[in-house]
Amino acid sequence: MPLALYALTAGAFGIGVTEFVIMGLLIDVSQDLNVTIAAAGLLISGYALGVVVGAPLLTALTSRWPRKSVLIGLMAIFTLGNLACALAPTYELLMAARLLTALAHGTFFGVGSVVATNLVAPDKKATAIAVMFTGLTVANILGVPAGTWLGQQFGWRTTFWAVTAIGITALAIIAAFVPRDKSAPEASDWRADLRAMARGPVLLGLAMTVLGYAGVFAVFTYIAPALTEITGFSDAAVSPILLVFGGGLVLGNLLGGKLADRNIVSAIFGTLIALTLTLGLMTFALHDKIAAIVFTGLLGATAFATVAPLQIWVLQKAEGAGQSLASSLNIAAFNLGNAIGAWAGGMTIKHGPGLAYTPLVAAAFPLAAIAITVVALRTDRSRLVPVAAE
C-alpha cells in the first residue's frame, strides 16, 4: 500500500481520538466546568450532530477544491477545534469548540475514502478504505485509553493539547505524502449531486449504515454496566475486556475490506448476518464470563467488518462528482446510527425488558438492514457485480 494511504490513516487516528476520548473524561469535565454529568454527556451528542451537519455542508462547499487541499484544510479545522477545546473557559465555549471540530469529521472520511480508492488498483479499493479506517480502530484501542489516562492524571485539557499535537503531525504527514490531484476536480453541480443522492441504491445504502450501527451502539454504549451487572466482572476488568473489543475492530475492519474486494454483495450480506447473529447470541453469552469476553471481541469484529463494504457500496452507486458527498453522508449515517442506537438501548433499559436484553433488541437493527439490502439489490439488479470487476 502507498505511503499516502497511511497518511490518511494518521488523520483518521487523530479524529477517532477526539471523537471518543471525551467519554472517559466526563466526570473531570463536569467537575471543572461545574455542570452535571448529563450535560457533559451532551458534548458527545453535540459532536455527532456536528458530523451530521458538517459532512454534507463542507463537502458541497469544497467540491471544486483539489482533494489534497481539502484534506489539509480539514485537518487545520480539526487542529484549531481541539486547540479551542483545550482553551475553552466555559461549558458553552467547549460545546462550540466540539461542534467546530466535528465539522471536519465526516468530510475528512468522505473525501479521504475517495482519495484512498484512487491510490490503489481497482481490486484493492475496499482494502484501501479499510486501511484508512484502521486509524479509527487504533484510536479506540490505544488513543482513547491513553488520552483518558492523560486527562485523569494531568487534567482533561492536557488531553486536548495532546490531540492538537496529533492534528499538527497528521496535517504535516498528509501535506508531505498525499499526492496532488492529477487533474482538476470535476465542477460540482449541486443539483446533479442531489440527484445522485436521491438514487434508490444510495439512499438504501445510507439506511443500511444507520441501522447496522444503531445495533452496534445500542449494546456498546452500555457494555460496561452489562459486563459488571450481568456477567459479574469487576469495574477494573472492563478496560482489559474493551481491549479485546478493540482487537476485534482491527481484524474485522481489514477482513471486511478483503471480502468487499472479492464481492461487494456477498460482503454486505455476510457481515450484516454475522453482526445480527453476534448481537442475538450475546444476550445469552453475557451470562458466562468466558463467552462474554469472546462475544465482546466478536462484536468489534462484526461491527467494523461492515465499514468497507457499506462505504464502497455508496461510492459505487453515487458515481462521479457525487462520490465525495455520498461518502461523507455515509459517515454522517454512522453517527446518526450511533445516536439512535444509544437512545434505543437506553429505552430498552428504562422502559423495556432491561439491560440484559439490549443485545436482543439491538439485533433487530442489522436484521432490518439485511431486509433493506434485499430491496436495494432488487432495485439495482443490472449492476450486481463485484467491485473488483469494475
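Over the chain, what is the mean sequence separation of C-alpha contacts under 8 Å (at least six apart), divided by residue count, expressed as relative contact order in percent?
It rounds to 26 percent for the chain.
Full extension from Val53 to Ser266: what is 0.36 nm times the residue separation minus their Cα-Cα distance, to one decimal in nm?
Extra length available between Val53 and Ser266 comes to 73.5 nm.
For Lys317, give me every one of the lysines with a C-alpha distance below 22 angstrom, ignoring sequence neighbours fewer than eight places off in its own chain.
Cross-link targets: Lys124, Lys125, Lys258.
Please report the net charge: other residues with Cβ closer than 15 Å to the Cβ of Gln152, K and R +1, D and E -1.
-2
Taking the range 1-86, which trypsin sites (Lys or Arg not before Pro) meet the DSSP loop condition and have no more than 16 other C-beta atoms within 10 Å?
Arg64
Give me the distance in nm between label points sitting 7 Å out from Cα along the Cα-to-Cβ direction at Asp288 and Asn118, one decimal.
Between Asp288 and Asn118, the label points sit 5.1 nm apart.
Which of the three applies to the chain, rounded, prolate or oblate, going by the alpha-carbon gyration tensor with a ≥ b ≥ c and a/c under 1.5 meaning rounded?
oblate
Can you give the extra length, in nm with one decimal, that the chain gains between Ser234 and Leu281 once fully stretched, where that is 0.36 nm per residue apart less the Cα-Cα distance?
Using 0.36 nm per residue and subtracting the Cα-Cα distance, I get 14.7 nm.
Based on alpha-carbon centroids, what's the gap between the range 7-84 and the range 232-255 in Å, whole number please?
The range 7-84 and the range 232-255 have Cα centres separated by 24 Å.
Rounded, prolate or oblate: pick one for the range 212-311, where a ≥ b ≥ c are the square roots of the eigenvalues of its C-alpha gyration tensor, a/c under 1.5 means rounded, and failing that, prolate if a/b is larger than b/c, else oblate.
Since a/c reaches 1.5 and a/b is larger than b/c, the shape of the range 212-311 is classed as prolate.
Shape call for the range 52-158 from the C-alpha gyration tensor, a ≥ b ≥ c root eigenvalues: rounded (a/c under 1.5), prolate (a/b greater than b/c) or oblate?
Verdict is oblate for the range 52-158.
Could you go through the range 274-284 in sequence order and give the Karplus-derived ³J(HN,Hα) for each residue, using 6.51 cos²θ - 1.76 cosθ + 1.60 with θ = phi - 60°, rounded to whole Hz, and x for Gly and Pro?
4, 5, 4, 5, 4, 5, x, 6, 5, 4, 8
Every read-out reported here was derived from the displayed coordinates using simple, explicitly stated rules and does not represent laboratory data. Just so you know, these numbers come straight off a predicted model, no measurement behind them. Counting neighbours? That spans all protein chains shown, and the Cβs are built from the backbone with ideal geometry, glycine included.
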